[in-house]
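Just below is one structure, and these are the notes that go with it.
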Amino acid sequence: MLLTFTYNTMGYSQEIIMLPHQKQVGIEWNTPEKEYYSTIWDNPVVTNVSVPTMEVFRADPKIANGTAVIVAPGGGLYALSIDSEGNDVAKWLTKKGITAFVLKYRLVPTGTDGVKEISELSTTNPQEIGKQVTPILPLAIADGLEAINYVRSNAANYGVSVSKIGFMGFSAGGTVTMGVAYNYTKKNKPDFLVPVYPWTTIIPIQEVPSTAPPMLVICASDDPLGLAKGSVSLYSSWLDAGKIAGLHMYAKGGHGFGMKTQNLPSDQWISRFYEWSLAEGITNPKITE
């Protein structure tokens, strides 16, 4: 059953969609979902997502052009960088007439500070991260596919085209994007894909589906997690399969740049996405008088 809530917080109206999902036997979330500012990542984050939801960011009807993007923030599947790779992305897209949906997909159950936990494990026991992520990743991918299905099934309500629904994900959200790319069906097929510095080491590059949609990959060569090579391999797999593919590989940018300002060319990655969407006919600006 789908539930949609609209409520006001300090004058800002939020439309939250609860997505249907199957509970996984053996996985328990004993700490409630929590949003807080992480001083470790210098970002607002969300942890302990056990129920997948989406927040809707509607484009102004005067400029809405029918394109929709589901945005999946990153955070190693332990947290979501909810502003820099989520809400701020969505707000930028709405200014271009694109309706955005920020997805909170299911995460690894943690204590009260998931960012601290993954940060400590990355130094002391990185293998444990992989162990904890393994059972959660399929759930996150299922949430991504359900998000597409929801938007397509309710396209008329949001003023979007059923054939212009894209999926954009960052880091672990980029892994969810890849999972969506390899596991879609007719009803939840994305019309375009935008993996941004995708966590390619947690999911292998696979055979490209025969009906694969256009893909734009974005990353930086100096990504400290070593994700540049995986991003190139992902792009190359689409190119070798004869599919529409684009790649923006910045010399500098690091990892997790999202909507942060670093005074580098990578700051403009989202403008490059928009230009690509125009060139591919994914987005057609609404002409206003």
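The values are calculated or read from the model by the stated rules, or taken from the named source; none is laboratory data. Values in this document were obtained by computation on a predicted structure and should not be read as measured data. Note that each Cβ is placed from the backbone with ideal geometry, even for glycine, and that neighbours are counted across all protein chains shown. Side chains are part of the model used for accessible areas, which takes the heavy atoms of the whole protein and leaves out ligands, DNA and RNA. Shrake-Rupley method; radii C 1.70, N 1.55, O 1.52, S 1.80 Å.
Please state which one of Leu234, Leu216 is in contact (Cβ under 8 Å) with a residue 40 or more places away in the chain, open to solvent by less than 30 Å² (accessible area, probe 1.4 Å) and assigned to a helix (DSSP H, G or I).
Leu234
For segment 51-61, enumerate the residues that are closer than 23 Å to Ile141 by Cα and either among the charged types (D, E, K, R) or open to solvent by less than 30 Å² (accessible area, probe 1.4 Å) (or both). Correct list: Pro52, Thr53, Met54, Glu55, Val56, Phe57.
In segment 17-36, what residues are farther than 22 Å from Asn149 by Cβ, open to solvent by 60 Å² or more (accessible area, probe 1.4 Å) and in a loop (DSSP other than H, G, I, E, B)? Give the steps one after another, and end with the answer.
Initially, segment 17-36 is screened for residues farther than 22 Å from Asn149 by Cβ, giving 25-36.
This time we only want the ones that are open to solvent by 60 Å² or more (accessible area, probe 1.4 Å), so: 25-26, 28, 30, 32-35.
Scanning segment 17-36 gives Val25, Gly26, Glu28, Asn30, Pro32, Glu33.
Before we move on, is Ile98 at pLDDT 95 or above and farther than 18 Å from Gln14 by Cα? Considered against the rule, which asks whether it is at pLDDT 95 or above and farther than 18 Å from Gln14 by Cα, Ile98 comes out as no.
Restricted to segment 121-175, the set of helices (runs of 4 or more DSSP H) holding at least 3 residues that are open to solvent by less than 20 Å² (accessible area, probe 1.4 Å), of a type in the set (Lys, Arg) and over 19 Å from Leu227 (Cα atoms) is empty. Candidates are the residues of segment 37-48 that are among the β-branched types (Val, Ile, Thr) and in a strand (DSSP E or B); the one that is surrounded by the fewest Cβ atoms within 10 Å (Cβ to Cβ) is Val46. What about Ala79, is it under 21 Å from Gly130 (Cα atoms), open to solvent by less than 10 Å² (accessible area, probe 1.4 Å) and touching a helix residue (DSSP H, G or I) at 6+ places or on another chain (Cβ under 7 Å)? Yes.
Selection of segment 202-235 for residues being of a type in the set (S, T, N, Q) and over 30 Å from Gln132 (Cβ atoms) yields Ser210, Thr211. Within the option set Gly281, Gly246, being open to solvent by less than 70 Å² (accessible area, probe 1.4 Å), at pLDDT 95 or above and on the phi > 0 side of the Ramachandran plot holds for one residue only, Gly281. Looking only at residues in segment 26-50 that are of a type in the set (Val, Ile, Thr) and in contact (Cβ under 8 Å) with a residue 40 or more places away in the chain, which one is farthest from Ile136 (Cα to Cα)? It comes out as Ile40.
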